[in-house]
1. Within region 109-135, can you find the residues that are surrounded by fewer than 17 Cβ atoms within 10 Å (Cβ to Cβ) and either in contact with a Phe, Trp or Tyr (Cβ under 8 Å, 6 or more places away or on another chain) or of a type in the set (Phe, Trp, Tyr) (or both)?
2. Select, from TYR138, TYR106, the only residue that is open to solvent by 60 Å² or more (accessible area, probe 1.4 Å), in a helix (DSSP H, G or I), out of contact with any strand residue (DSSP E or B) (no Cβ under 6 Å at 6 or more places or on another chain) and at pLDDT 95 or above.
3. For THR188, which of the numbered conditions (1) farther than 22 Å from ASN231 by Cβ; (2) among the β-branched types (Val, Ile, Thr); (3) surrounded by fewer than 19 Cβ atoms within 10 Å (Cβ to Cβ) fails to hold?
4. For LYS233, are the conditions met, namely being assigned to a helix (DSSP H, G or I), surrounded by fewer than 20 Cβ atoms within 10 Å (Cβ to Cβ) and touching a helix residue (DSSP H, G or I) at 6+ places or on another chain (Cβ under 6 Å)?
5. Can you tell me which residue in region 246-273 is surrounded by the fewest Cβ atoms within 10 Å (Cβ to Cβ), limited to those that are assigned to a loop (DSSP other than H, G, I, E, B) and among the small types (Gly, Ala, Ser)?
6. For GLY226, are the conditions met, namely being closer than 27 Å to VAL161 by Cα and open to solvent by 20 Å² or more (accessible area, probe 1.4 Å)?
Amino acid sequence: MPYLYNVERKISFKIIIVTLTTISLVILFTYTFLSNFIEKKRLKSIYDYMALEDYNNASFIFHDLLSKNPVNKNILIAGIDLYYDMLIRSEDNNIIMLSSKNIIKYSKQVLLTSKFIKNKYLIHKRLADAYQTLGASYYKDAYISYLDAINSGDDRVSTIVELSKVSYEIGHYKEAIGYLEKILKIQTKQNPNADINAILNYELANAYAGNKDYTRAIQILTSLQGKFNNNKKLEFKTYFKLGDLYFIQGLYQESEFFYKKALLIDAKNAELYYSIGKLYTKIKKPSDAYYMFREALKIDNSYKPTRDAVRRL
């Protein structure tokens, strides 16, 4: 009898352990399921508020979630998306700068703590955009991040364009030329009449100009005439750039011609009036130069180069 009693006790004890373990696992599973469910709903609400441009509520939910789980990949990515949306939509410089800094903070955190990230190139691209927005001091960081995006599978034309821009901003002109010519070759083959080709050629001309190959830059920009497809901004920039390039080479008549073509598109650009005034100063037309400088100051009275030029006349 004592033997059977001991066996029964052991069996009962095992049943209790199994039962308690099962209950604990059920509770843990239920808690995990409910936590994940609530987290997903709250993450979705961040994107819902973003769609309404209600960034206050979106930001509140994000920071509340982050305070409870600061290394959660999905929460960090939601924060990157939130601040990137604010960055591209806002016209307030303070918000733009703060959003850029937050993108950098959360992008670096998610890249450091998460090994497997779907569409990892998007994180690198947004990190690069944020660095670029912060200005020249961060261009090298932007350059590295754009390269990381491309090496992570980003083959979008827009990423190549931005990479080329920061490349020639930090003096890597030959690299910029290489990136742009490569993507242009692909683009021209796939879609020879695409609007993006004109934009790519403009950036390529900038890269050649940075590399002091002004003749090649002028050839590329001149070839764009008649291919703007009503893109007035690109047309203006092209004529303005041609004016600058001819001025650098001492071809003042050609420079004036293209400056004036740019002026017909945008007569409210202080920098353009200043450039024309500088041209007239060079060719010894002081009264015409003074008029252009005065027009520039009417548009932007704080533009220091123009104010200095007027004092020197």
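The values are calculated or read from the model by the stated rules, or taken from the named source; none is laboratory data. For clarity, every value in this text was computed on a predicted model and none was experimentally measured. Neighbour counts run over all protein chains shown; Cβ positions are idealised from the backbone, glycine included. Protein only, heavy atoms only, side chains kept; ligands, DNA and RNA dropped before computing areas. Shrake-Rupley method; radii C 1.70, N 1.55, O 1.52, S 1.80 Å.
1. PHE116
2. On the way: TYR106 fails: open to solvent by 60 Å² or more (accessible area, probe 1.4 Å).
It is TYR138.
3. With respect to (1) farther than 22 Å from ASN231 by Cβ; (2) among the β-branched types (Val, Ile, Thr); (3) surrounded by fewer than 19 Cβ atoms within 10 Å (Cβ to Cβ), THR188 is out only on (1).
4. no
5. GLY250
6. Details: closer than 27 Å to VAL161 by Cα: yes; open to solvent by 20 Å² or more (accessible area, probe 1.4 Å): yes.
Against the criterion (closer than 27 Å to VAL161 by Cα and open to solvent by 20 Å² or more (accessible area, probe 1.4 Å)), GLY226 qualifies.
Each row is one residue, and each column tells you yes or no for (1) open to solvent by 20 Å² or more (accessible area, probe 1.4 Å); (2) modelled with pLDDT under 85; (3) over 20 Å from the mean Cα position of the chain (by Cα); (4) farther than 19 Å from GLU254 by Cα.
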site: LYS182; (1), (2), (3), (4): yes, no, yes, yes
site: LEU200; (1), (2), (3), (4): no, no, no, yes
site: LEU204; (1), (2), (3), (4): no, no, no, yes
site: ALA209; (1), (2), (3), (4): no, no, yes, no
site: LYS212; (1), (2), (3), (4): yes, no, yes, no
